[in-house]
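Each value in this text was obtained by applying a stated rule to the coordinates, not by laboratory testing. Please read all numbers here as calculations on a predicted model, not as lab measurements. So basically every Cβ, Gly included, is an ideal-geometry build from the backbone, and we count neighbours across all protein chains shown.
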Amino acid sequence: MYAAAAPFALAYLALWNPPHWSGSALLVYALLTAIVIRALSSLFEVPSSALAAEFSTGYEQRSVLLSYRFFSAGSAADGEPAGLRGVSRPRRQTPRGAAEPAGYAHYAWRRRR
């Protein structure tokens, strides 16, 4: 679980900072980066979910533990629109707001520090 954290952060940063390639090469880059992110995410999620059985003594206790886990994940996802406000807000440097690619690099750095 711990070994997946740093590569996941680097892959996430790479996803939001693509190279300046042509259309088809950029598509392949985005696809491969997304696959790497999903694989690294599963290296954390699978053992993390399996730990619920180790921390509980029965079905009911395990269900309560996992419900807290999934509730906190949903609460973290609710903060996503707040994080995107910095990307989508038009500014002098980024007059197009969410359509401005420069804002997403800032978003990737701010989200995974």
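Please turn the phi angles of segment 47-61 into ³J(HN,Hα) values with the Karplus equation 6.51 cos²θ - 1.76 cosθ + 1.60 (θ = phi - 60°), one per residue in order, whole Hz, x for glycine and proline.
x, 5, 5, 5, 5, 4, 5, 6, 8, 10, 9, x, 4, 5, 5
How many nm separate the modelled label positions at residue 29 and residue 68, each set 7 Å beyond the Cα in the direction of the Cβ?
4.4 nm
Ordered by packing density, taken as the mean number of other Cβ atoms within 10 Å over each peptide's residues, highest first, how do 8-15, 59-66, 21-28, 38-45 rank?
Highest to lowest by the protection proxy: 8-15, 38-45, 59-66, 21-28.
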